[in-house]
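The values are calculated or read from the model by the stated rules, or taken from the named source; none is laboratory data. Treat the numbers as computed from the prediction; the structure is a model and nothing was measured. Every residue, glycine among them, receives a Cβ derived from its backbone with ideal geometry; neighbour counts consider all protein chains shown. Ligands, DNA and RNA are stripped out before the accessible areas are found, and what is left, the full protein with its side chains, is counted by its heavy atoms. Shrake-Rupley method; radii C 1.70, N 1.55, O 1.52, S 1.80 Å.
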Amino acid sequence: MLLAVLWKLPRSSQESTPLPLTSEESNSSLLTITPCDHYWQADIRDPWKQGRTLHRYILVDRKDSTQVKDLPDGTVVYVPIERSVVFTTAHCQLLCWLGAQDAITGVCDKKYIHIPIVQQTAVDCGDGMLPSIERIVELQPQALLVSPFENSGGFGPLEKIGIPIIETADYMETSSLGRAEWMRFYGLLYGRQRQADSLYHVVDSTYHALCRQAAAMPQGRSVLTERKTGSTWYVPGGQSTIGTMLADAHAAYAFADDNHSGSLPLSVEEVLDKAGQSDLWLIKNSTGKSITRNDLLAEYHGYKMLKAFRKGDVYVCNTSERPYFEEVSFRPDYLLRELILLSHPECLQNDTLRYYECME
């Protein structure tokens, strides 16, 4: 079947001529990259304040640095970056895919990064929310890859050490392909433009092929995701990357008509009322050990009211063992395939899952 073919096809056979870095046909709503004379200008729109620019970067090739004059305002970054501190596991994995793993000299929250080469070679720079400035300075990185947050007040001491901060706002994109397209920006930063363009072409073409196949199938099973946190249950908004991906998988989703592009904070009662009859329940587990039905009931006895719980259609992704957080940000085609398989049981009978497994 096509799902299996797309999954198993060697990457080299899917690659074609790299796509040009232009914004006219871009999937990204936040990133614009403009080629200039001896440099690239990358503008990141502020995802929280419409009409404003979050950051402008001027990427200057080291070999051309003496030829560049009268640069526009912005953070100048000399590329390719050869030493960097990376704050997220998804960007570490992307750099490994692009062949730039040697440029990951330091990371934060190392214990949560399940990538062997990073575990072996990168220096642990402490907690991502309170990094070790001394250790970062000792590494002499040429850039810091850090995720920005709304109303965070900036990056604190990191802003005072004179190292360019690359604001990895890709997670605020409203489409999965829009986020994946940021790999072309990171490819420019690390001198891996051709590799990034080629990989993005694979992701884009595979994702659309999967969409076409899913659209030809009958409506899939209904899906509920996540678990409650305290008294709140955060579910994907209808216009979030997961919400739109469920639509692309031709799966039913109780909150598909919602207009939020991020997580939707709901009361447990609201979720049970609107999505309690969902056919499937997809959850993540980061404890490092298997989670059971009794564990879920001990967490919240009301889970037994979920149809999927009663029917035994609960699927768990153990993120300590499965590379979910490492991969899905820049390989949304992997996750789309998974959602198609889960929501269309006729496919699942003939194929295997990458991230989720049915709870015993």
Exercise. Is there a residue being under 30 Å from ALA196 (Cβ atoms) and among the basic types (Lys, Arg) anywhere in segment 286-299?
Worked result: no
Seminar exercise, completed: Subset of segment 248-290, residues charged (D, E, K, R) and more than 26 Å from ARG322 (Cβ to Cβ), comes to ASP257, ASP258, GLU269, GLU270, ASP273, LYS274
Exercise. Can you name the helices (runs of 4 or more DSSP H) wholly within segment 252-333 that have at least 3 residues being in contact (Cβ under 8 Å) with a residue 60 or more places away in the chain?
Worked result: 293-299, 324-327
Seminar exercise, completed: Scanning segment 29-46 residue by residue, those on the phi < 0 side of the Ramachandran plot and open to solvent by 40 Å² or more (accessible area, probe 1.4 Å) turn out to be SER29, THR34, PRO35, CYS36, ASP37, TRP40, ARG45
Exercise. Can we say ILE81 is open to solvent by less than 50 Å² (accessible area, probe 1.4 Å), at pLDDT 95 or above and assigned to a loop (DSSP other than H, G, I, E, B)?
Worked result: yes
Problem set entry | Matching entry among SER290, SER329, SER267, SER278 (being within 18 Å of the chain's Cα centre (by Cα) and among the hydroxyl-bearing types (Ser, Thr, Tyr)) | SER329
For this session: Output the number of the condition that ALA196 fails; it satisfies all remaining conditions of (1) of a type outside the set (D, E, K, R); (2) part of a helix (DSSP H, G or I); (3) modelled with pLDDT under 95.
Result: (3)
Exercise. If you check TYR234 against the conditions, is it surrounded by fewer than 19 Cβ atoms within 10 Å (Cβ to Cβ), outside any helix (DSSP H, G or I) and within 18 Å of the chain's Cα centre (by Cα)?
Worked result: yes
Seminar exercise, completed: Going through (1) surrounded by 14 or more Cβ atoms within 10 Å (Cβ to Cβ); (2) under 29 Å from ARG212 (Cβ atoms); (3) acidic (Asp, Glu) one by one, ASP257 fails only at (1)
Exercise. Which of the residues that make up segment 286-333 are of a type in the set (A, V, I, L, M, F, W, C), open to solvent by less than 40 Å² (accessible area, probe 1.4 Å) and modelled with pLDDT of 95 or more?
Worked result: LEU296, LEU306, ALA308, PHE309, VAL314, VAL316, CYS317, VAL328, PHE330
Exercise. Name the pairs whose Cβ atoms lie under 6 Å apart, with the first residue in segment 58-72 and among the polar types (S, T, N, Q), the second surrounded by 11 or more Cβ atoms within 10 Å (Cβ to Cβ), and 6 or more positions between them or separate chains?
Worked result: GLN67/HIS38
For this session: Look at segment 202-226 and say how many of its residues are out of contact with any helix residue (DSSP H, G or I) (no Cβ under 8 Å at 6 or more places or on another chain), in contact (Cβ under 8 Å) with a residue 24 or more places away in the chain and part of a helix (DSSP H, G or I).
Result: 1
